[in-house]
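Single-structure report; data block below.
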Amino acid sequence: ADWHNGMEYLEQGLTAFQELDQPEEAARVHSKLGRGLSMFGQSMDIERSLEHYRAAEAALSGGSEKAVLGYVYAGLATAAMFSVRTGDGLLASRRAMEIAEQPGHEGFWMTVAPANGWHLLANGQLGDGLSLMDRAYDTAARLNHPTAFFAAWSRDPVGLVLGDPADFERYMRRELASPRLAHAPRQQQVARAELGSSLVALGRLAEARSLLPDSNPDWPLDALIESKENWDLAAARFADEEEKFRTRGDRWNQWRCCWWRGQVYRVSSRSEDARELLTRAVAFFASAPHVPLEVAVRVDLALLCAETGHAEAAAEHVARCRQLIENGEDWRGLAGRVALAQGAVAAASAPGPRSSLDAAVLGEAEAHFQRAVRILRNYTLPWDEAEALHLWGQALSRARRRSAALEKFDAAIDLYRCHGAGDRFIDRVEAEKKRALRTAPRREPHPNGLTEREVEVLGLLAAGASSKEIGEQLVLSVRTVERHIANIYLKTGTHGRAQATAYALSHGLVNAGR
(Lines give C-alpha, C1' and ligand atoms only; values in the text may rest on other atoms or scores of the structure.)
Protein backbone atom coordinates (compact mmCIF):
# COMPACT_ATOMS: atom_id res chain seq x y z
CA ALA A 1 0.00 0.00 0.00
CA ASP A 2 2.81 2.43 0.86
CA TRP A 3 4.50 1.74 -2.46
CA HIS A 4 1.28 2.33 -4.41
CA ASN A 5 0.60 5.54 -2.48
CA GLY A 6 4.13 6.72 -3.18
CA MET A 7 3.79 6.01 -6.89
CA GLU A 8 0.47 7.89 -6.98
CA TYR A 9 2.05 10.93 -5.32
CA LEU A 10 4.91 10.82 -7.83
CA GLU A 11 2.44 10.68 -10.72
CA GLN A 12 0.63 13.70 -9.29
CA GLY A 13 3.93 15.52 -8.88
CA LEU A 14 4.90 14.73 -12.45
CA THR A 15 1.63 16.18 -13.73
CA ALA A 16 2.11 19.32 -11.65
CA PHE A 17 5.68 19.94 -12.88
CA GLN A 18 4.61 19.36 -16.47
CA GLU A 19 1.76 21.86 -16.10
CA LEU A 20 4.19 24.37 -14.55
CA ASP A 21 6.58 23.84 -17.48
CA GLN A 22 9.47 22.74 -15.25
CA PRO A 23 11.08 20.03 -17.40
CA GLU A 24 14.09 19.38 -15.15
CA GLU A 25 11.90 18.80 -12.08
CA ALA A 26 9.59 16.63 -14.18
CA ALA A 27 12.64 14.67 -15.33
CA ARG A 28 13.63 13.99 -11.71
CA VAL A 29 10.17 12.57 -11.07
CA HIS A 30 10.32 10.52 -14.28
CA SER A 31 13.57 9.03 -12.97
CA LYS A 32 12.02 8.12 -9.61
CA LEU A 33 9.01 6.56 -11.31
CA GLY A 34 11.33 4.59 -13.58
CA ARG A 35 13.18 3.24 -10.56
CA GLY A 36 9.96 2.33 -8.77
CA LEU A 37 8.75 0.35 -11.77
CA SER A 38 12.02 -1.52 -12.36
CA MET A 39 13.19 -2.54 -8.89
CA PHE A 40 10.21 -3.93 -6.96
CA GLY A 41 9.02 -7.38 -7.96
CA GLN A 42 5.25 -7.47 -7.66
CA SER A 43 4.87 -3.97 -9.10
CA MET A 44 7.55 -4.29 -11.78
CA ASP A 45 6.67 -2.98 -15.24
CA ILE A 46 9.85 -2.72 -17.27
CA GLU A 47 8.31 -1.15 -20.36
CA ARG A 48 6.67 1.67 -18.38
CA SER A 49 9.91 2.07 -16.44
CA LEU A 50 11.85 2.55 -19.67
CA GLU A 51 9.32 5.13 -20.88
CA HIS A 52 9.93 7.21 -17.76
CA TYR A 53 13.71 6.88 -17.93
CA ARG A 54 13.80 7.83 -21.61
CA ALA A 55 11.61 10.85 -20.96
CA ALA A 56 14.01 11.91 -18.19
CA GLU A 57 17.03 11.35 -20.44
CA ALA A 58 15.53 13.48 -23.22
CA ALA A 59 14.81 16.34 -20.82
CA LEU A 60 18.23 16.31 -19.12
CA SER A 61 20.64 15.46 -21.95
CA GLY A 62 21.40 19.03 -22.92
CA GLY A 63 21.43 20.52 -19.42
CA SER A 64 23.86 20.89 -16.56
CA GLU A 65 22.28 18.30 -14.24
CA LYS A 66 24.95 15.69 -14.91
CA ALA A 67 24.55 13.95 -11.55
CA VAL A 68 20.80 13.53 -12.06
CA LEU A 69 21.41 12.35 -15.63
CA GLY A 70 23.87 9.80 -14.25
CA TYR A 71 21.13 8.25 -12.14
CA VAL A 72 18.90 8.11 -15.22
CA TYR A 73 21.60 6.20 -17.09
CA ALA A 74 22.04 3.92 -14.07
CA GLY A 75 18.30 3.28 -14.09
CA LEU A 76 18.32 2.49 -17.80
CA ALA A 77 21.18 0.06 -17.18
CA THR A 78 19.27 -1.65 -14.37
CA ALA A 79 16.10 -1.93 -16.45
CA ALA A 80 18.22 -3.43 -19.23
CA MET A 81 19.43 -6.11 -16.80
CA PHE A 82 15.88 -7.35 -16.27
CA SER A 83 14.80 -6.88 -19.89
CA VAL A 84 17.95 -8.64 -21.23
CA ARG A 85 18.98 -5.73 -23.46
CA THR A 86 22.73 -6.15 -23.26
CA GLY A 87 23.66 -3.55 -25.89
CA ASP A 88 21.40 -0.89 -24.34
CA GLY A 89 22.67 -1.80 -20.89
CA LEU A 90 26.31 -1.51 -21.88
CA LEU A 91 25.74 1.90 -23.43
CA ALA A 92 23.74 3.28 -20.50
CA SER A 93 26.07 1.87 -17.84
CA ARG A 94 29.17 3.23 -19.63
CA ARG A 95 27.61 6.68 -19.76
CA ALA A 96 26.78 6.42 -16.07
CA MET A 97 30.33 5.25 -15.30
CA GLU A 98 31.79 8.30 -17.08
CA ILE A 99 29.93 10.49 -14.61
CA ALA A 100 30.55 8.18 -11.63
CA GLU A 101 34.32 8.20 -12.14
CA GLN A 102 34.52 11.97 -11.74
CA PRO A 103 35.65 13.28 -8.31
CA GLY A 104 32.95 13.49 -5.67
CA HIS A 105 30.74 10.72 -7.07
CA GLU A 106 32.03 7.73 -5.08
CA GLY A 107 28.59 6.82 -3.76
CA PHE A 108 27.13 6.89 -7.24
CA TRP A 109 30.02 4.77 -8.54
CA MET A 110 29.08 2.01 -6.09
CA THR A 111 25.53 2.15 -7.46
CA VAL A 112 26.36 1.86 -11.14
CA ALA A 113 29.49 -0.34 -11.16
CA PRO A 114 27.60 -3.61 -10.49
CA ALA A 115 25.23 -2.92 -13.40
CA ASN A 116 28.16 -2.19 -15.71
CA GLY A 117 29.83 -5.40 -14.50
CA TRP A 118 26.63 -7.35 -15.18
CA HIS A 119 26.44 -6.15 -18.78
CA LEU A 120 30.14 -6.80 -19.38
CA LEU A 121 29.61 -10.34 -18.15
CA ALA A 122 26.54 -10.69 -20.40
CA ASN A 123 28.74 -9.60 -23.32
CA GLY A 124 31.19 -12.42 -22.58
CA GLN A 125 33.78 -10.16 -20.88
CA LEU A 126 33.78 -12.22 -17.70
CA GLY A 127 37.07 -11.08 -16.21
CA ASP A 128 36.33 -7.37 -16.60
CA GLY A 129 32.76 -7.74 -15.38
CA LEU A 130 33.60 -9.78 -12.30
CA SER A 131 36.53 -7.54 -11.41
CA LEU A 132 34.20 -4.54 -11.43
CA MET A 133 31.61 -6.39 -9.35
CA ASP A 134 34.30 -7.37 -6.84
CA ARG A 135 35.54 -3.78 -6.50
CA ALA A 136 32.01 -2.45 -6.11
CA TYR A 137 31.12 -4.94 -3.40
CA ASP A 138 34.38 -4.60 -1.48
CA THR A 139 34.13 -0.80 -1.52
CA ALA A 140 30.48 -0.72 -0.47
CA ALA A 141 30.97 -3.35 2.24
CA ARG A 142 33.99 -1.53 3.65
CA LEU A 143 32.01 1.71 3.84
CA ASN A 144 28.89 -0.11 5.09
CA HIS A 145 27.03 1.40 2.15
CA PRO A 146 23.55 0.04 1.29
CA THR A 147 24.59 -0.54 -2.34
CA ALA A 148 26.57 -3.56 -1.11
CA PHE A 149 23.42 -5.67 -1.34
CA PHE A 150 22.86 -4.81 -5.01
CA ALA A 151 26.53 -5.54 -5.73
CA ALA A 152 26.18 -8.94 -4.05
CA TRP A 153 22.89 -9.74 -5.78
CA SER A 154 24.35 -8.82 -9.19
CA ARG A 155 26.55 -11.94 -8.95
CA ASP A 156 23.44 -14.08 -9.47
CA PRO A 157 24.51 -15.13 -13.03
CA VAL A 158 27.87 -16.29 -11.63
CA GLY A 159 26.15 -18.76 -9.34
CA LEU A 160 23.17 -19.95 -11.34
CA VAL A 161 24.37 -19.67 -14.96
CA LEU A 162 28.18 -19.72 -14.94
CA GLY A 163 28.00 -22.63 -12.52
CA ASP A 164 29.73 -21.34 -9.39
CA PRO A 165 26.95 -21.46 -6.79
CA ALA A 166 29.43 -21.56 -3.91
CA ASP A 167 30.61 -18.07 -4.95
CA PHE A 168 27.06 -16.70 -4.84
CA GLU A 169 26.36 -18.51 -1.56
CA ARG A 170 29.28 -16.71 0.10
CA TYR A 171 28.03 -13.29 -0.94
CA MET A 172 24.44 -13.95 0.15
CA ARG A 173 25.60 -15.27 3.54
CA ARG A 174 27.80 -12.21 4.04
CA GLU A 175 24.84 -9.95 3.36
CA LEU A 176 22.49 -11.87 5.66
CA ALA A 177 25.08 -11.61 8.43
CA SER A 178 25.53 -7.88 7.88
CA PRO A 179 23.91 -5.30 10.18
CA ARG A 180 22.92 -3.47 6.98
CA LEU A 181 20.08 -5.92 6.46
CA ALA A 182 18.84 -5.91 10.06
CA HIS A 183 16.13 -3.36 9.23
CA ALA A 184 15.62 -4.34 5.59
CA PRO A 185 13.12 -7.24 5.67
CA ARG A 186 12.53 -7.19 1.92
CA GLN A 187 16.24 -7.55 1.18
CA GLN A 188 16.46 -10.32 3.77
CA GLN A 189 13.73 -12.23 1.94
CA VAL A 190 15.46 -11.76 -1.41
CA ALA A 191 18.82 -12.85 0.03
CA ARG A 192 17.30 -16.01 1.53
CA ALA A 193 15.62 -16.91 -1.76
CA GLU A 194 18.86 -16.38 -3.68
CA LEU A 195 20.82 -18.32 -1.06
CA GLY A 196 18.29 -21.14 -1.36
CA SER A 197 18.72 -21.20 -5.13
CA SER A 198 22.48 -21.63 -4.67
CA LEU A 199 21.94 -24.41 -2.15
CA VAL A 200 19.73 -26.29 -4.63
CA ALA A 201 22.50 -26.09 -7.23
CA LEU A 202 24.99 -27.32 -4.62
CA GLY A 203 22.80 -30.32 -3.85
CA ARG A 204 21.80 -29.20 -0.34
CA LEU A 205 18.04 -29.53 -0.71
CA ALA A 206 17.18 -29.79 2.99
CA GLU A 207 18.99 -26.53 3.74
CA ALA A 208 17.26 -24.84 0.82
CA ARG A 209 13.86 -26.07 1.98
CA SER A 210 14.48 -24.70 5.48
CA LEU A 211 14.74 -21.20 3.98
CA LEU A 212 11.34 -21.32 2.26
CA PRO A 213 9.20 -19.86 5.10
CA ASP A 214 11.27 -16.66 5.32
CA SER A 215 12.34 -16.25 1.70
CA ASN A 216 11.00 -13.98 -1.01
CA PRO A 217 7.50 -15.29 -1.85
CA ASP A 218 7.81 -13.74 -5.31
CA TRP A 219 10.66 -16.09 -6.27
CA PRO A 220 10.05 -19.78 -7.24
CA LEU A 221 12.52 -21.34 -4.82
CA ASP A 222 9.96 -24.07 -4.14
CA ALA A 223 9.89 -24.95 -7.85
CA LEU A 224 13.69 -25.17 -7.97
CA ILE A 225 13.65 -27.60 -5.06
CA GLU A 226 10.86 -29.65 -6.64
CA SER A 227 12.83 -29.82 -9.91
CA LYS A 228 15.11 -32.27 -8.09
CA GLU A 229 12.25 -34.22 -6.50
CA ASN A 230 8.88 -33.84 -8.27
CA TRP A 231 9.18 -33.03 -11.97
CA ASP A 232 5.47 -32.58 -12.68
CA LEU A 233 4.95 -30.12 -9.86
CA ALA A 234 8.12 -28.19 -10.75
CA ALA A 235 7.12 -27.87 -14.41
CA ALA A 236 3.67 -26.52 -13.51
CA ARG A 237 5.15 -23.99 -11.09
CA PHE A 238 7.75 -22.81 -13.58
CA ALA A 239 5.05 -22.33 -16.21
CA ASP A 240 3.05 -20.09 -13.86
CA GLU A 241 6.14 -18.12 -12.86
CA GLU A 242 7.26 -17.67 -16.45
CA GLU A 243 3.94 -16.07 -17.34
CA LYS A 244 4.09 -13.82 -14.27
CA PHE A 245 7.53 -12.53 -15.18
CA ARG A 246 6.50 -12.08 -18.82
CA THR A 247 3.65 -9.73 -17.88
CA ARG A 248 6.13 -7.59 -15.92
CA GLY A 249 8.61 -7.36 -18.78
CA ASP A 250 11.12 -9.21 -16.57
CA ARG A 251 12.71 -11.21 -19.38
CA TRP A 252 15.68 -12.21 -17.20
CA ASN A 253 13.53 -14.26 -14.82
CA GLN A 254 11.12 -15.25 -17.59
CA TRP A 255 14.08 -16.78 -19.42
CA ARG A 256 15.24 -18.64 -16.33
CA CYS A 257 11.83 -20.22 -15.73
CA CYS A 258 11.62 -21.18 -19.41
CA TRP A 259 15.11 -22.73 -19.26
CA TRP A 260 14.48 -24.58 -16.00
CA ARG A 261 11.18 -25.97 -17.27
CA GLY A 262 12.94 -27.11 -20.45
CA GLN A 263 15.52 -28.90 -18.31
CA VAL A 264 12.78 -30.64 -16.32
CA TYR A 265 11.09 -31.80 -19.52
CA ARG A 266 14.40 -33.04 -20.94
CA VAL A 267 15.28 -35.26 -17.98
CA SER A 268 11.68 -36.51 -17.77
CA SER A 269 11.84 -37.59 -21.45
CA ARG A 270 9.21 -35.11 -22.64
CA SER A 271 11.46 -34.44 -25.59
CA GLU A 272 9.16 -32.38 -27.81
CA ASP A 273 8.08 -30.13 -24.93
CA ALA A 274 11.73 -29.70 -23.97
CA ARG A 275 12.69 -28.84 -27.54
CA GLU A 276 9.95 -26.21 -27.81
CA LEU A 277 10.94 -24.52 -24.54
CA LEU A 278 14.70 -24.63 -25.03
CA THR A 279 14.36 -23.33 -28.59
CA ARG A 280 12.24 -20.49 -27.24
CA ALA A 281 14.89 -19.83 -24.59
CA VAL A 282 17.56 -19.46 -27.31
CA ALA A 283 15.32 -17.03 -29.19
CA PHE A 284 15.63 -14.58 -26.29
CA PHE A 285 19.08 -13.67 -27.63
CA ALA A 286 18.18 -13.21 -31.29
CA SER A 287 18.20 -9.42 -30.98
CA ALA A 288 20.16 -8.84 -27.76
CA PRO A 289 23.08 -11.13 -26.91
CA HIS A 290 23.68 -12.60 -23.48
CA VAL A 291 26.60 -14.96 -23.89
CA PRO A 292 26.44 -17.01 -20.65
CA LEU A 293 22.69 -17.55 -21.00
CA GLU A 294 23.01 -18.64 -24.62
CA VAL A 295 25.78 -21.12 -23.79
CA ALA A 296 23.79 -22.53 -20.87
CA VAL A 297 20.67 -23.24 -22.91
CA ARG A 298 22.56 -24.54 -25.95
CA VAL A 299 24.22 -27.14 -23.72
CA ASP A 300 20.77 -28.49 -22.88
CA LEU A 301 19.73 -28.40 -26.52
CA ALA A 302 22.88 -30.31 -27.48
CA LEU A 303 22.16 -32.96 -24.83
CA LEU A 304 18.54 -33.21 -25.95
CA CYS A 305 19.49 -33.57 -29.62
CA ALA A 306 22.13 -36.18 -28.78
CA GLU A 307 19.61 -38.17 -26.72
CA THR A 308 16.97 -38.12 -29.45
CA GLY A 309 19.18 -39.10 -32.38
CA HIS A 310 19.74 -35.66 -33.90
CA ALA A 311 23.53 -35.81 -33.82
CA GLU A 312 24.11 -33.16 -36.47
CA ALA A 313 21.97 -30.57 -34.66
CA ALA A 314 23.66 -31.49 -31.38
CA ALA A 315 27.08 -30.90 -32.93
CA GLU A 316 25.96 -27.48 -34.19
CA HIS A 317 24.92 -26.42 -30.69
CA VAL A 318 28.24 -27.59 -29.24
CA ALA A 319 30.16 -25.77 -31.98
CA ARG A 320 28.32 -22.56 -31.12
CA CYS A 321 29.10 -23.04 -27.42
CA ARG A 322 32.79 -23.51 -28.18
CA GLN A 323 32.79 -20.44 -30.41
CA LEU A 324 31.37 -18.38 -27.55
CA ILE A 325 33.54 -19.64 -24.69
CA GLU A 326 36.93 -20.08 -26.36
CA ASN A 327 37.85 -16.46 -25.68
CA GLY A 328 40.37 -16.86 -22.88
CA GLU A 329 37.84 -16.23 -20.11
CA ASP A 330 37.21 -18.41 -17.05
CA TRP A 331 33.84 -20.06 -17.67
CA ARG A 332 33.83 -21.88 -14.33
CA GLY A 333 31.35 -24.73 -13.99
CA LEU A 334 29.67 -23.87 -17.28
CA ALA A 335 32.83 -25.08 -19.03
CA GLY A 336 32.19 -28.45 -17.42
CA ARG A 337 28.66 -28.52 -18.82
CA VAL A 338 30.03 -27.74 -22.29
CA ALA A 339 32.50 -30.63 -21.91
CA LEU A 340 29.58 -32.84 -20.87
CA ALA A 341 27.73 -31.90 -24.06
CA GLN A 342 30.89 -32.55 -26.10
CA GLY A 343 31.11 -36.05 -24.65
CA ALA A 344 27.46 -36.78 -25.38
CA VAL A 345 27.79 -35.46 -28.93
CA ALA A 346 30.99 -37.43 -29.59
CA ALA A 347 29.20 -40.63 -28.56
CA ALA A 348 26.03 -39.76 -30.51
CA SER A 349 27.97 -38.90 -33.68
CA ALA A 350 29.62 -42.32 -33.94
CA PRO A 351 29.02 -44.05 -37.29
CA GLY A 352 27.08 -47.28 -37.35
CA PRO A 353 24.27 -48.50 -35.09
CA ARG A 354 23.51 -46.55 -31.93
CA SER A 355 23.93 -49.73 -29.92
CA SER A 356 27.70 -49.88 -30.54
CA LEU A 357 30.73 -47.64 -30.08
CA ASP A 358 34.26 -48.31 -31.29
CA ALA A 359 37.38 -47.69 -29.23
CA ALA A 360 38.43 -44.49 -31.00
CA VAL A 361 35.06 -42.81 -30.56
CA LEU A 362 34.85 -44.00 -26.97
CA GLY A 363 38.27 -42.55 -26.27
CA GLU A 364 37.20 -39.13 -27.56
CA ALA A 365 33.94 -39.21 -25.60
CA GLU A 366 35.68 -40.35 -22.42
CA ALA A 367 38.20 -37.52 -22.62
CA HIS A 368 35.32 -35.03 -22.63
CA PHE A 369 33.43 -36.83 -19.86
CA GLN A 370 36.56 -37.02 -17.74
CA ARG A 371 37.13 -33.27 -18.10
CA ALA A 372 33.45 -32.58 -17.41
CA VAL A 373 33.45 -34.60 -14.18
CA ARG A 374 36.65 -32.93 -13.00
CA ILE A 375 35.28 -29.41 -13.53
CA LEU A 376 31.78 -30.14 -12.25
CA ARG A 377 33.17 -31.76 -9.11
CA ASN A 378 35.52 -28.83 -8.57
CA TYR A 379 32.57 -26.40 -8.60
CA THR A 380 30.32 -28.70 -6.54
CA LEU A 381 27.66 -29.25 -9.19
CA PRO A 382 26.39 -32.71 -8.20
CA TRP A 383 23.35 -32.79 -10.51
CA ASP A 384 25.49 -32.17 -13.58
CA GLU A 385 28.22 -34.51 -12.32
CA ALA A 386 25.67 -37.30 -11.87
CA GLU A 387 24.38 -36.72 -15.40
CA ALA A 388 27.95 -36.80 -16.74
CA LEU A 389 28.55 -40.14 -15.01
CA HIS A 390 25.22 -41.44 -16.35
CA LEU A 391 26.04 -40.49 -19.95
CA TRP A 392 29.59 -41.77 -19.57
CA GLY A 393 28.15 -45.10 -18.44
CA GLN A 394 25.90 -45.16 -21.52
CA ALA A 395 28.92 -44.67 -23.78
CA LEU A 396 30.87 -47.42 -22.01
CA SER A 397 27.88 -49.75 -22.26
CA ARG A 398 27.65 -49.17 -26.02
CA ALA A 399 31.36 -50.00 -26.26
CA ARG A 400 30.70 -53.31 -24.47
CA ARG A 401 32.68 -52.15 -21.44
CA ARG A 402 30.11 -53.51 -19.01
CA SER A 403 32.10 -53.42 -15.77
CA ALA A 404 33.23 -49.83 -16.29
CA ALA A 405 29.71 -48.82 -17.36
CA LEU A 406 28.16 -50.32 -14.24
CA GLU A 407 30.70 -48.50 -12.11
CA LYS A 408 29.71 -45.16 -13.66
CA PHE A 409 26.00 -45.93 -13.30
CA ASP A 410 26.50 -46.81 -9.63
CA ALA A 411 28.48 -43.61 -9.05
CA ALA A 412 25.66 -41.56 -10.60
CA ILE A 413 23.05 -43.33 -8.46
CA ASP A 414 25.13 -42.76 -5.33
CA LEU A 415 25.40 -39.04 -6.11
CA TYR A 416 21.67 -38.70 -6.66
CA ARG A 417 20.86 -40.56 -3.44
CA CYS A 418 23.45 -38.65 -1.43
CA HIS A 419 21.85 -35.34 -2.43
CA GLY A 420 18.22 -36.35 -1.96
CA ALA A 421 17.17 -36.57 -5.60
CA GLY A 422 13.71 -37.88 -6.40
CA ASP A 423 13.25 -41.53 -7.32
CA ARG A 424 12.74 -40.74 -10.99
CA PHE A 425 16.33 -39.47 -11.32
CA ILE A 426 17.57 -42.77 -9.91
CA ASP A 427 15.10 -44.86 -11.92
CA ARG A 428 16.52 -43.41 -15.18
CA VAL A 429 20.00 -44.67 -14.32
CA GLU A 430 18.75 -47.98 -12.91
CA ALA A 431 17.01 -48.64 -16.23
CA GLU A 432 20.31 -48.10 -18.09
CA LYS A 433 22.08 -50.34 -15.60
CA LYS A 434 19.58 -53.17 -16.14
CA ARG A 435 19.87 -52.75 -19.89
CA ALA A 436 23.66 -53.03 -19.67
CA LEU A 437 23.38 -56.21 -17.62
CA ARG A 438 20.80 -57.69 -19.99
CA THR A 439 22.69 -56.96 -23.22
CA ALA A 440 26.22 -57.66 -22.05
CA PRO A 441 27.94 -60.00 -24.54
CA ARG A 442 29.84 -63.06 -23.47
CA ARG A 443 33.58 -62.53 -23.66
CA GLU A 444 36.77 -64.33 -22.79
CA PRO A 445 37.60 -63.85 -19.10
CA HIS A 446 40.70 -61.90 -18.15
CA PRO A 447 43.62 -63.94 -16.77
CA ASN A 448 43.61 -64.93 -13.09
CA GLY A 449 40.05 -63.72 -12.67
CA LEU A 450 40.94 -60.03 -13.06
CA THR A 451 37.94 -57.76 -13.53
CA GLU A 452 37.73 -55.29 -16.39
CA ARG A 453 38.42 -52.39 -14.02
CA GLU A 454 41.42 -54.19 -12.50
CA VAL A 455 42.82 -54.72 -16.00
CA GLU A 456 42.43 -50.98 -16.68
CA VAL A 457 44.23 -50.13 -13.44
CA LEU A 458 46.97 -52.67 -14.17
CA GLY A 459 47.51 -51.27 -17.66
CA LEU A 460 47.97 -47.75 -16.31
CA LEU A 461 50.17 -48.98 -13.45
CA ALA A 462 52.39 -50.80 -15.94
CA ALA A 463 52.60 -47.62 -18.02
CA GLY A 464 54.13 -45.87 -15.01
CA ALA A 465 51.12 -43.96 -13.66
CA SER A 466 50.94 -43.23 -9.94
CA SER A 467 47.85 -44.12 -7.92
CA LYS A 468 46.79 -40.47 -8.02
CA GLU A 469 47.24 -40.32 -11.80
CA ILE A 470 45.31 -43.56 -12.26
CA GLY A 471 42.49 -42.13 -10.16
CA GLU A 472 42.40 -38.95 -12.23
CA GLN A 473 42.27 -40.87 -15.52
CA LEU A 474 39.60 -43.32 -14.38
CA VAL A 475 37.77 -40.83 -12.12
CA LEU A 476 38.30 -42.93 -9.00
CA SER A 477 39.44 -42.01 -5.52
CA VAL A 478 43.02 -42.89 -4.57
CA ARG A 479 41.64 -45.26 -1.92
CA THR A 480 39.64 -47.14 -4.58
CA VAL A 481 42.70 -47.35 -6.84
CA GLU A 482 44.80 -48.76 -3.99
CA ARG A 483 42.09 -51.36 -3.30
CA HIS A 484 42.16 -52.42 -6.96
CA ILE A 485 45.97 -52.66 -6.88
CA ALA A 486 45.84 -54.83 -3.75
CA ASN A 487 43.37 -57.15 -5.49
CA ILE A 488 45.64 -57.29 -8.55
CA TYR A 489 48.63 -58.34 -6.42
CA LEU A 490 46.53 -61.00 -4.71
CA LYS A 491 45.05 -62.47 -7.90
CA THR A 492 48.27 -62.43 -9.94
CA GLY A 493 50.60 -63.52 -7.14
CA THR A 494 52.78 -60.46 -7.66
CA HIS A 495 54.44 -58.26 -5.07
CA GLY A 496 54.96 -54.62 -5.95
CA ARG A 497 54.70 -52.56 -9.08
CA ALA A 498 57.73 -54.06 -10.83
CA GLN A 499 56.34 -57.61 -10.72
CA ALA A 500 52.86 -56.39 -11.65
CA THR A 501 54.34 -54.55 -14.65
CA ALA A 502 56.17 -57.70 -15.76
CA TYR A 503 52.91 -59.64 -15.44
CA ALA A 504 51.06 -57.04 -17.53
CA LEU A 505 53.74 -57.17 -20.23
CA SER A 506 53.69 -60.95 -20.40
CA HIS A 507 49.90 -61.02 -20.73
CA GLY A 508 49.60 -58.14 -23.21
CA LEU A 509 47.76 -55.86 -20.78
CA VAL A 510 49.96 -52.76 -20.90
CA ASN A 511 47.63 -50.93 -23.30
CA ALA A 512 44.49 -51.83 -21.37
CA GLY A 513 44.48 -48.51 -19.55
CA ARG A 514 43.78 -45.19 -21.22
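Observations on the structure shown:
- When Arg479, Arg483, Arg424, Arg453 are screened for being part of a helix (DSSP H, G or I) and closer than 30 Å to Ala208 by Cβ, only Arg424 passes.
- Residue among Ala235, Ala182, Ala239, Ala208 that is farther than 30 Å from Leu50 by Cα, out of contact with any Pro (no Cβ under 7 Å at 6 or more places or on another chain), surrounded by fewer than 22 Cβ atoms within 10 Å (Cβ to Cβ) and not hydroxyl-bearing (Ser, Thr, Tyr): Ala182
- His419 within 22 Å of the chain's Cα centre (by Cα) and free of Cβ contacts under 8 Å to residues at least 60 places away in the same chain: no
- Qualifying position, being among the basic types (Lys, Arg) and either loosely packed, with under 12 Cβ neighbours inside 10 Å or within 25 Å of Ala395 (Cα to Cα) (or both), among Lys434, Lys491: Lys434
- Members of the range 56-78 that are surrounded by fewer than 24 Cβ atoms within 10 Å (Cβ to Cβ) and either modelled with pLDDT of 95 or more or in a loop (DSSP other than H, G, I, E, B) (or both): Ser61, Gly62, Gly63, Ser64, Glu65
- Subset tally (residues that are more than 23 Å from His484 (Cβ to Cβ) and either in contact with a Phe, Trp or Tyr (Cβ under 7 Å, 6 or more places away or on another chain) or modelled with pLDDT of 85 or more (or both)) for the range 432-451: 3
- Pairing each residue of the range 480-509 that is free of Cβ contacts under 8 Å to residues at least 24 places away in the same chain and under 15 Å from Ala465 (Cβ atoms) with any residue that is surrounded by 13 or more Cβ atoms within 10 Å (Cβ to Cβ) and of a type in the set (Ser, Thr, Tyr), provided the two are 6+ apart or on different chains, yields C-beta distances under 7 Å for Glu482/Ser467.
- Residue check for Phe108: at pLDDT 95 or above, out of contact with any Cys (no Cβ under 8 Å at 6 or more places or on another chain) and over 16 Å from Glu329 (Cα atoms): no
- Within the range 261-281, the set of residues being more than 17 Å from Arg424 (Cα to Cα) and surrounded by fewer than 24 Cβ atoms within 10 Å (Cβ to Cβ) comprises Glu272, Asp273, Arg275, Glu276, Thr279, Arg280.
- Unmet criterion (only one of (1) surrounded by fewer than 24 Cβ atoms within 10 Å (Cβ to Cβ); (2) at pLDDT 95 or above; (3) in contact with a helix residue (DSSP H, G or I) (Cβ under 8 Å, 6 or more places away or on another chain)) for Gln187: (2)
- Screening Ala405 on (1) under 29 Å from the mean Cα position of the chain (by Cα); (2) closer than 19 Å to Lys491 by Cβ; (3) not in a loop (DSSP other than H, G, I, E, B) shows it passes everything except condition (2).
- Considering only residues in the range 143-168 that are of a type in the set (Asp, Glu) and surrounded by fewer than 22 Cβ atoms within 10 Å (Cβ to Cβ), the one that is farthest from Leu381 (Cα to Cα) turns out to be Asp156.
- Residue that is surrounded by the fewest Cβ atoms within 10 Å (Cβ to Cβ) [pool: residues in the range 291-324 that are small (Gly, Ala, Ser) and closer than 14 Å to Gln342 by Cβ]: Ala319
- Being in contact (Cβ under 8 Å) with a residue 12 or more places away in the chain, more than 21 Å from Ala504 (Cβ to Cβ), part of a helix (DSSP H, G or I) and charged (D, E, K, R) is a property that Asp410 has.
- Residue in the range 285-301 that is in contact with a Cys (Cβ under 8 Å, 6 or more places away or on another chain), of a type outside the set (Val, Ile, Thr) and either within 30 Å of Ile470 (Cβ to Cβ) or not assigned by TED's automatic domain parsing to the domain that holds Arg435 (or both) present: yes
- In the range 164-218, the residues that are of a type outside the set (Gly, Ala, Ser), outside any helix (DSSP H, G or I) and touching a residue at least 60 places away in the same chain (Cβ under 8 Å): Asp164, Leu202, Arg204, Asn216, Asp218
- Annotation note: Cβ proximity below 7 Å between a residue of the range 242-266 that is without any contact (Cβ under 8 Å) to a residue 24 or more places away in the chain and a residue that is among the polar types (S, T, N, Q) and part of a loop (DSSP other than H, G, I, E, B) (sequence gap 6+ or interchain) occurs for no pair.
- When each of Ala288, Ala360 is tested for being among the small types (Gly, Ala, Ser), over 18 Å from Gly262 (Cβ atoms) and touching a residue at least 60 places away in the same chain (Cβ under 8 Å), the lone residue that passes is Ala288.
- For Arg94, the stated conditions do not hold, so it cannot be described as over 22 Å from Trp109 (Cβ atoms), without any contact (Cβ under 8 Å) to a residue 24 or more places away in the chain and not in a loop (DSSP other than H, G, I, E, B).
- Criterion applied to Met110, Met133, Met81 was being within 24 Å of Leu324 (Cα to Cα), in contact (Cβ under 8 Å) with a residue 40 or more places away in the chain and either crowded, with 20+ Cβ neighbours inside 10 Å or not assigned by TED's automatic domain parsing to the domain that holds Ser31 (or both), and the one residue passing it is Met81.
The values are calculated or read from the model by the stated rules, or taken from the named source; none is laboratory data. What you see is a predicted model; the values in this text were computed from it and never measured. A quick note on method: Cβ atoms are made from the backbone with ideal geometry, for glycine too, and the neighbour counts reach across all protein chains shown.
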